[in-house]
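Each remark here refers to the structure printed beneath this line.
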Amino acid sequence: MLFIETRGNDGSRPSSVTFSEAILSPLCSFGGLYVPESLPRLGEPFLQAHLDSDYKTLARAVLTAFELDIDQAVIDRALDLYDGFDDPSHPVPVVRVRDDLFVAELYRGPTRAFKDMALQPFGVVLSSLAKARDERYLILAATSGDTGPATLETFKDRPNVKVACLYPDGGTSDVQRLQMVTADAPNLKVIGIHGDFDDAQSALKTLLSSDSFQARLRERHTHLSAANSVNFGRIIFQQIYHIHSYLELVRQGAIGLGDRVYLNVPSGNFGNALGGYYAMKMGLPVEKILISSNSNNVLTELIRIGRYDISGRKVIATRSPAMDILKSSNVERVLYDLFGARRTRELMAALDERRHYQLTGEELASLQAVFAADYADDAEIDACIRETFRDHGYLMDPHTAICFKTHASCRDKSLPDIVYSTAEWTKFSPTIAHALTGEVDSHDIDALKSISATADTPIPPMIGALFDRPVAQDAVIDKEDIEQVVLAFI
Ligand SMILES: *Cc1c(COP(=O)(O)O)cnc(C)c1O
C-alpha cells in the first residue's frame, strides 16, 4: 500500500511513499497530508470471519489488509501494548447505557484518554523504524492535556526517539499536569509555557519554521517527526476500534450482522471520526457518523451549511478542552476522499488565506450523506453528565457527554448508536464533581475523592498514584526561550 498527498504533488517530493516513510516524515507538498492510495475492501465476509476474534486478532487482520511495509514482529509487539489496558483480553468494552445508546470505552489504557488507543502501538512502530534505520528523531508536541501524557507514556525509554512536550502552565487539569511533570526518563522533556494552548501551539510552529533550529537539528543528526493525528501512523490504529465496536453489538445481540448503526464521535482534530469514515468506506455498515462538538462548533457549521469559517472566531475555552480547536486537521483527508486533490488544495488555500471556504450545494450533499452534526455548550454538558448519572448510574467525561445530545438531535432513524467515550471521568474531575454535587473550583484530588464517594467507584491506581510521585520536570518558561531549552535537551 502506498500513500499519496491530499493537495497533490509539487514535483520535488516523491509522488507516493510507503507507510514507514509517511510516518517518519509526515510533511507533504503544499502543506497537505498523506492518505492511502486506496482502501482495502473488507466487507461482510471479513466481519463474519472476525465475529469471534479478540481485539488483537482483529487489529492484525485489519493491518494486514493495508499491506504495510512494517515487519510482522514489530506489529505484534506494538499490539501487545493493549495487554496493558484494564482487561488485556478486552481492551475496549462496549456498554449499553440505555435503549439503543452504546458506549465504546476507548480510555482504558495507561493515561485514561483515547489517545492511548493509537499512541501506544504507534510508539513501538516509530521507534522500531528509527532504530532499524539507525536514525534519531525528535517529536515535538504541544498539548492541551491528553496528547502530551499519551505521547510521553508511549516513548518513555524507547530507543532513537526523544520527545519535547509543551503544555500551557495552568491550562490543564492537575491530573493532566501531573501525568506530564512526573514523567521521568532521559529521552523526555516537558516544558510548561507561560500562556494558553494557542501560545504553546504557535510557539511550536515558530520553532518548526526556524532556520537556525533546523540547522542545529541537522548538526545533531536529528530528524523531526510528529505524533499528532496529522501522522497517518495514528490514524491506522483508529479504524480498528470502530470495527470492533460494531462486532461487539453483533455479539451482544443488539444487531444482526449487516444491520446499520450510527457512530457518534466527540471531535476535535477529527482523527477519531476519520477512522470511522475509513471503516465505513471499507465496508462497515454505518448509517451516518455523528460529529459532536463543543461551543467551538466549526464542524457543526461545516456539516450543516457547508461553510468552514474561522474568520470571526477565537477559540473559546470550554470544559471539554480537548476539543477547543478551530483548525480541525483531518477534515482535509475527508475533503480529499470526496472531492480530489485539486479541489482540496483550493479549499485549504482559501482557509489559510481568507480563513473560510464554502462548499458547493452538490459537495455539501455528499458530505451530508455521511455526516450529521450538533454541539453542546458547558451548561448542557453539565446537565447531561448529571442526568445520565442520576437516571442510568453511568459516569462519563464532558467530551463523551456531548454525544448524548447528538444522539437525541441527529438521528433520523431509530438505529443503535455507538458513542465513543474519549476520556475517563478522572481526567476532568472538577467538571464532573460540579455536575454531580454542584461543588465549584475543587482541586482534582478533592474532586476525585468526592466523585469516588458519590458514585461508589474507585479511583484507578495510576491516577491515585500521581499525587505521590516526585516531580521530575520543572521547567516553566517564556515562549521566547523554547528554542534554547529544546536544543539544550537534544
Ligand atoms: C483528543 C480528544 C478528542 C478529539 O479527538 P480527535 O480525534 O482529535 O477528533 C476528544 N476527546 C478527548 C478526551 C480527547 O483527548
Relative compactness, region 135-203, computed as alpha-carbon Rg over 2.2 N^0.38 Å
1.03
Between region 261-313 and region 137-207, the Cα center-to-center distance that results, in Å
27
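Could you tell me which trypsin sites (Lys or Arg not before Pro) in region 292-385 are loop residues by DSSP with no more than 16 other beta carbons within 10 angstrom of their beta carbon?
Working: sites: Arg304, Arg307, Arg313, Lys314, Arg319, Lys327, Arg333, Arg342, Arg343, Arg345, Arg354, Arg355; in loops: Arg313, Lys314, Arg319, Lys327, Arg355.
For trypsin sites (Lys or Arg not before Pro) across region 292-385 that sit outside H, G, I, E and B with at most 16 neighbouring Cβ atoms in 10 Å, the list reads Arg313, Lys314, Lys327, Arg355.
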With a Förster radius of 30 Å, plug the Cβ-Cβ distance of Val485 and Lys131 into 1/(1 + (r/R0)^6) and report the FRET value to the nearest 0.05.
0.70
Modelling each spin label as a point 7 Å along the Cα-to-Cβ direction, I'd like the Arg354/Ser12 distance in nm, to one decimal.
2.8
Largest-first principal axis extents of the Cα set of the chain (Å)
60, 50, 49
Could you please rank Glu439, Glu287, Glu219, Glu153, placing first whichever residue has the fewest other Cβ atoms within 10 Å of its Cβ?
Glu219, Glu439, Glu287, Glu153
In vacuo Debye sum over C-alpha of region 345-454, base-10 log of normalised intensity I(q)/I(0) at q = 0.11, 0.18 Å⁻¹, listed in q order, is -0.51, -0.89
Can you figure out the FRET efficiency of Asp211 with Leu326, using R₀ = 35 Å and their beta-carbon distance, to the nearest 0.05?
0.80
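How big is the charge dipole of the chain about its Cα centre, in debye rounded to the nearest 20, if each Lys and Arg gets +1 on its Cβ and each Asp and Glu gets -1 on its Cβ?
Using only the charged Cβ atoms, the result is roughly 960 debye.
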Ranked Met348, Met1, criterion: other C-beta atoms within 10 Å, fewest first
Met1, Met348
Among Ser329, Ser128, Ser293, which comes first, second and so on when ranked by fewest other beta-carbon atoms within 10 Å?
Ser329, Ser128, Ser293
Per-selection Kirkwood Rh - region 1-143 (Cα, Å, 1 d.p.)
17.4
Convert each backbone phi in region 31-45 into a coupling constant with the Karplus relation 6.51 cos²θ - 1.76 cosθ + 1.60 (shift: θ = phi - 60°), then list the ³J(HN,Hα) values in order as whole Hz, x for Gly and Pro.
x, x, 10, 7, 9, x, 4, 8, 10, x, 8, 9, x, 5, x
Would you calculate, for the chain, the mean residue ellipticity at 222 nm contributed by helices, counting each DSSP H stretch of 4 or more residues as -39,500 (n - 2.57) and dividing by all residues, to the nearest 500?
-13000 deg cm²/dmol
HN-Hα couplings for region 395-411 via Karplus (6.51, -1.76, 1.60; θ = phi - 60°), in whole Hz with x for Gly/Pro, come out as 9, 9, 8, x, 5, 4, 4, 4, 4, 5, 6, 4, 4, 7, 9, 10, 8
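By its C-alpha gyration tensor, with a ≥ b ≥ c as the square roots of the eigenvalues, how is region 173-220 shaped: rounded for a/c under 1.5, else prolate for a/b larger than b/c, else oblate?
Because a/c hits 1.5 or more and a/b fails to exceed b/c, region 173-220 counts as oblate.
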Take the cross-link list Lys162/Lys205; Lys115/Lys162; Lys281/Lys427 and give me the ones stretching past 21 Å between alpha-carbons.
Lys281/Lys427
Please turn the phi angles of region 468-485 into ³J(HN,Hα) values with the Karplus equation 6.51 cos²θ - 1.76 cosθ + 1.60 (θ = phi - 60°), one per residue in order, whole Hz, x for glycine and proline.
9, 7, x, 6, 9, 10, 10, 6, 10, 9, 7, 5, 5, 9, 4, 4, 4, 5
Compute the distribution of all C-alpha to C-alpha distances in region 223-342, in bins of 5 Å from 0, and list the percent of pairs in each, rounded to whole numbers.
2, 10, 18, 21, 18, 15, 9, 4, 1, 0
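Read-outs throughout are calculated quantities, based only on the coordinates presented, and are distinct from any laboratory measurement. As the structure is a prediction and not an experimental result, all values here were calculated from the model. Note that we place each Cβ from the backbone using ideal geometry, even for glycine, and neighbour counts take in every protein chain shown.
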